[in-house]
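In what follows, a single structure is set out as structure tokens and then discussed.
Every read-out reported here was derived from the displayed coordinates using simple, explicitly stated rules and does not represent laboratory data. Since the structure is predicted, the reported quantities are computational estimates derived from the model, not experimental observations. Don't worry about glycine lacking a Cβ; one is built from the backbone with ideal geometry, like all the others, and counts go over all protein chains shown.
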Amino acid sequence: MKKETMVKINDVSMRFNLGIEKEFSLKQWFVDIFKPRKSKKVKPEFWALKNLNLDIKKGEVVGFVGSNGAGKSTLLKIVAGVMKPTVGSVDVYGNICPMIELGAGFDPQLTARENIYLNGAVLGYSKELIEDKFNEIVEFSELKDFLEVPVQNFSSGMVARLAFSIATIVNPEILIVDEILSVGDIGFQAKSLNKMRSMISGGTTVLYVSHSLTSIEELCQKAIWLDKGEVVDYGEVKTVCSKYAKYVKDNHIKI
């Protein structure tokens, strides 16, 4: 029986103009005032992704490997709808739970309790669902004693705990995960991994980025090796990871 497509990536390319996007700061303003004026030069272009075509089926757990700058996180952000590709399109057939930048939807001045409702709303959860799952979120995060504390006083691990607990209260059809299993303490990492396995066993389609080949091999069925925005290899997870590991070793690349 042929599996239905959940994510279809059609000739996707992503271009960035280097040096254009800078955050404003008073320091930068003074530097720009006193810096000698030069003739305008054309900003260099960087293609993070180049003509990608991928078809991910229902229930598949696909890991993405590649060195820093290979385009892994950019691709996941495009699939999640955070970014729009310069060329091409992505068709998604199902609801998505993106776990890309945990805590990105938090207001640091609000308490953990308030952020549960805020972040839940950002993820598209109804107030009724959040209220129904509130105790479950708190129990999983192990932050019961910190509900009235502003999130700005949380450690990065505590923020990750809260964000992961909110994001996983529902079983999405498509789960996008970018390196988040490496945050928090060892105990919570194991707890998060078990939660991931539970979601996978329930038929969730997963797109997973990690620099840990062991983690990729444990969780995934297939792997995609990206390099400089292009697919080098795509296939059975152990085969792809083995080829990538050899390439990294032979070229003395740090991952």
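Points to keep in mind about this one:
- When the criteria are applied in full, Val61 meets the requirement of being surrounded by 15 or more Cβ atoms within 10 Å (Cβ to Cβ) and either more than 16 Å from Ala163 (Cβ to Cβ) or in contact with a Ser or Thr (Cβ under 7 Å, 6 or more places away or on another chain) (or both).
- Qualifying positions in region 201-255 - in a loop (DSSP other than H, G, I, E, B) and not hydrophobic (A, V, I, L, M, F, W, C): Gly202, Gly203, Thr204, Ser210, His211, Ser212, Gln221, Lys228, Gly229, Asn251, His252, Lys254
- Residue check for Glu148: in a helix (DSSP H, G or I) and charged (D, E, K, R): no
- Check on Lys144, free of Cβ contacts under 8 Å to residues at least 40 places away in the same chain and surrounded by 15 or more Cβ atoms within 10 Å (Cβ to Cβ): no
- Every residue from region 95-145 that is outside any loop (DSSP other than H, G, I, E, B) and among the charged types (D, E, K, R): Arg113, Glu114, Lys127, Glu128, Glu131, Asp132, Lys133, Glu136, Glu139, Lys144, Asp145
- Exclusive hit being crowded, with 21+ Cβ neighbours inside 10 Å and either more than 21 Å from Ala80 (Cα to Cα) or in contact with a Pro (Cβ under 8 Å, 6 or more places away or on another chain) (or both), set Val237, Val209: Val237
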